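The values are calculated or read from the model by the stated rules, or taken from the named source; none is laboratory data. This structure is a prediction, so every number in the text was calculated from the model and none was measured. When we count neighbours, we look across all protein chains shown, and the Cβ atoms used for this are built from the backbone with ideal geometry, even at glycine. These accessible areas exclude ligands, DNA and RNA; they are computed on the full protein's heavy atoms, side chains included. Shrake-Rupley method; radii C 1.70, N 1.55, O 1.52, S 1.80 Å.
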Amino acid sequence: MLGRREIATADAMEALGREIGGGLVAGDLIVLTGPLGAGKTTFTRGLADGLGVRGPVQSPTFVIARTHPSLVGGAPLVHVDAYRLGSAVELDDLDVDIARSVVVVEWGRGMAEDLADAWWDIELERPTGGDDLADDDLDADAPRIVTISHGTRGTR
């Protein structure tokens, strides 16, 4: 599961999330990193399906955090968008019950790592515009590169 892989479509991104979600338990923290449109919420939608939680899963950009209760007696999913937060202190102020939840933090790198002793670090990359290509011209289904690693407090 760890490593780097190319994900060709949004459906494949959801399938990857579903595969990972099926093995997560309460106390697991996932830090998702990637630019706008990279597939963070699409990945989380699949992860939620793998966990068996109530949807729909949407980006929590404006509400900061959404809790999705389990439909199968497992841990709830707490989906956090740290984009509008200024610091790890603001993230901590959300008082997320990490020990009893699976927590996904979009835009969390540099903030969420203090929430747990260990976490999944998942980075999603998408093509970006350059001199010859504007971001608006990119195909929404252009392949993404997903890098999955584990972080621990001793490795930062």
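Quick notes on this structure:
- Å² per residue, accessible surface of the chain at 1.4 Å: 51
- For SER101, nonlocal amide neighbours, meaning residues 5 or more places apart or on other chains whose placed amide H falls under 5 Å from its own, are GLY27.
- 3J(HN,Hα) couplings calculated from phi for the stretch 75-90 with the Karplus curve 6.51 cos²θ - 1.76 cosθ + 1.60 (θ = phi - 60°) are, in sequence order, 6, x, 9, 10, 10, 10, 10, 8, 4, 8, 8, x, 7, 5, 5, 5 Hz; Gly and Pro show x.
- Note on the chain: dipole from Cβ charges, positive end direction compared against VAL57, GLY23, ALA88; the farthest Cα belongs to GLY23.
- Each Lys or Arg adds one and each Asp or Glu subtracts one; over the other residues with Cβ under 9 Å from the Cβ of TRP119, this totals -4.
- Taken about its Cα centre, the chain carries a charge dipole of roughly 580 debye when the Cβ of each Lys and Arg holds +1 and the Cβ of each Asp and Glu holds -1.
- Cα gyration tensor category, rounded, prolate or oblate, for the stretch 1-60 with a/c compared to 1.5: rounded
- Of all beta bridges that DSSP places with both ends in the chain, some 60 percent have antiparallel geometry.
- Charge dipole magnitude, Cβ of K and R +1, D and E -1 - the stretch 41-111, Cα centre, debye nearest 20: 260
- Counted over all Cα-Cα pairs of the stretch 1-120, pairs farther apart than 17 Å make up 51 percent.
- When each of the peptides 109-115, 26-32, 67-73 is scored by how many other beta carbons lie within 10 Å of its residues on average, the order from highest to lowest is 26-32, 109-115, 67-73.
- Karplus (6.51, -1.76, 1.60) ³J(HN,Hα), θ = phi - 60°, over the stretch 2-9, in Hz, Gly and Pro reported as x: 6, x, 10, 8, 9, 10, 7, 9
- Accessible surface of the stretch 26-89, 1.4 Å probe, proportion on carbon and sulfur as whole %: 56
- Built amide H within the under 5 Å cut-off of VAL53, gap 5+: LEU71
- Residue-by-residue Karplus 3J(HN,Hα) for the stretch 48-57, coefficients 6.51, -1.76, 1.60, Hz, glycine and proline x: 4, 5, x, 7, x, 9, 6, x, x, 8
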